[in-house]
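Reading through the structure tokens given below for one structure.
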Amino acid sequence: MKQALVDDTEDVSLDFGSEEELALRKARIRHPLATFFHLFFRVSAIVTYLFCDWFSNSFVACFVTILLLLSFDFWSVKNVTGRLLVGLRWWNQIDEDGKSHWVFEAKRVPTIAASTEAEARIFWLGLIICPVIWTLFLFSTLFSLKLKWLALVIAGISLQTANLYGYIHCKLGGQKTISRVTSRLFGTADVPQRQSRISEDGAEEHGKAVPR
Amino acid sequence: MFPGLADVSISQDIPVEGEITVPVGSHSPDEDYSTLDEPVRDTIMRDLKAVGKKFVHVMYPRKSSALLRDWDLWGPLVLCVSLALMLQGGSADSKDDGGPQFAEVFVIIWFGAVVITLNSKLLGGTISFFQSLCVLGYCVLPLTVAMLVCRLVLLAGAGTISFIIRLIVVVAMFGWSTLASTAFLADSQPPNRKALVVYPIFLFYFVISWMILTFTPQ
């Protein structure tokens, strides 16, 4: 009798396993590193922008540093912290005839390592507050006529707003996408028939041939 | 005993087994479900390899639509920053701290790339916005190499010979950049419009080459 493979994505086992798992379940923040980095790059970019005169006289060094921090922040929020902290992900896919599609996915399977409410709150607060701050910087740059920073501020706003928009789209569209995906997974055969087959043949645990 | 069930039994040579796990390894959008849980190191390595592959593709341009599909803007960012850094320290901005010059190079490259992309889309091109930005950005690589060579040559001296060497290098790299980008971009246009698309790209790389050639250190 083959056991269903236990991996992180499908762990609905009823045995309240090891102490580690219990601790993980109780912890308010299950991905401390991801949470830290989610906030670290954004906040450092803002702090560097505000206090760049203290760090260095050179405009170029500040510009490059802030730009790199913003890019790392964009990449890590888009590719890592989104899927770890709230189980959402978005990307751009280009199919064979060159048309580009923006895909927004949301994860619904609850796992031991799924995100907690505290993490989700930190994620969304960080995601929303920072573009607002960069917009304030935009106005301050325009009105104080320090126009050499304008390019940087615009880059910051676009990168952070892109992530915000992508994740909001994921969140709002999540339900639709999941129902489409599951109907495709079970689409070809009837589920009741399979269940009855499983009950007849007691040795079979699962009877779904993976469609390829 | 149950004759009706004889049909229902599973014949021996059809294997009926599999796994019901939610991320089923099937076609493309579902495939990424399995990447929702991959370790971070895998994500980083995958993206780094994609960037490296594109750099190699620019050096040896071949028509490859698979390359275009997987666009990213890391390469253009790195190239833009390195080019802008190398263009610092020229005699034009000896008074201030190089601020405006640096931002100028940035704006020229990115704004120029956006304008070319808009132009090709208005002419009815089939390529997507970010793909085109990606290609134009990556094809700045030969010119960045030319800038590096120019700076090294200028360390040796700023006479006529060094100018001739720099001229040859910059012209060669300019040709390489333009050819590499048109190899990717011109295909997406109808045949009678290819020249209309190639001309702005030519101009774009010409402006960058001009900035490189006229760079003189203090």
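Worth a mention:
- Between A:Ile129 and B:Ala50, the modelled labels are 3.1 nm apart [label points 7 Å from Cα along Cα→Cβ].
- Computed E for B:Leu152/A:Trp91 - FRET, C-beta separation, R0 45 angstrom, nearest 0.05: 0.65
- Residues whose amide H falls under 5 Å from that of A:Ile94, counting only those 5 or more places apart or on a different chain, are A:His101, with hydrogens built in the peptide plane.
- Rounded to the nearest 20, the size of the Cβ-charge dipole of the range A:27-185 about its Cα centre is 460 debye, with Lys and Arg at +1 and Asp and Glu at -1.
- With the biggest extent put first, the Cα atoms of the range A:27-185 measure 58, 46, 23 Å across the principal axes.
- For the residue pairs A:Lys99/B:Lys54; A:Lys78/A:Lys99; A:Lys99/B:Lys194; A:Lys99/B:Lys53; A:Lys107/B:Lys49; A:Lys171/B:Lys53, the C-alpha atoms sit more than 31 angstrom apart in A:Lys171/B:Lys53.
- Sequence-ordered 3J(HN,Hα) estimates for the range A:80-90 from the Karplus curve with 6.51, -1.76 and 1.60 and θ = phi - 60° stand at 10, 6, x, 6, 7, 8, 10, x, 10, 7, 9 Hz, glycine and proline given as x.
- Remark on the range B:100-119: accessible area falls by at least 50 square angstrom from chain-alone to full-complex state for B:Phe102, probe 1.4 angstrom.
- Full extension of the chain between B:Phe111 and B:Lys194 gives 27.7 nm of extra length, using 0.36 nm per residue less the Cα-Cα distance.
- Diffusion coefficient (Stokes-Einstein, Kirkwood radius over C-alpha pairs, 25 °C, 0.890 mPa s) for the range B:84-218: 156 µm²/s, rounded to a whole number.
- Working note: Debye formula, equal point scatterers on the alpha-carbon atoms of the range A:53-142, no solvent; log10 I(q)/I(0) at q = 0.10, 0.13, 0.20, 0.23 Å⁻¹ is -0.43, -0.67, -1.07, -1.18.
- Apportionment of accessible area to carbon and sulfur, the range A:27-185, percent (1.4 Å): 70 percent
- For the range A:146-155, 3J(HN,Hα) per residue [Karplus equation, 6.51 cos²θ - 1.76 cosθ + 1.60, θ = phi - 60°, Hz, x = Gly/Pro]: 8, 6, 5, 8, 4, 4, 5, 5, 5, 4
- Interface between chains B and A: roughly 4300 Å² of accessible area buried, both sides summed (probe 1.4 Å, protein heavy atoms only).
- Projected onto planes of every orientation and averaged, the convex hull of the alpha-carbon atoms in the range A:23-87 covers 5.0 nm².
- Under Karplus coefficients 6.51, -1.76 and 1.60, residue-wise ³J(HN,Hα) of the range B:180-187 in Hz, glycine/proline x: 4, 6, 6, 4, 8, 8, 5, 5
The values are calculated or read from the model by the stated rules, or taken from the named source; none is laboratory data. Worth saying up front: this structure is predicted, and the values here are computed from it rather than measured. Glycine gets a Cβ as well: all are built from the backbone with ideal geometry, and neighbour counts include every protein chain shown. SASA here: full protein model, heavy atoms, side chains in, ligands and nucleic acids out. Shrake-Rupley method; radii C 1.70, N 1.55, O 1.52, S 1.80 Å.
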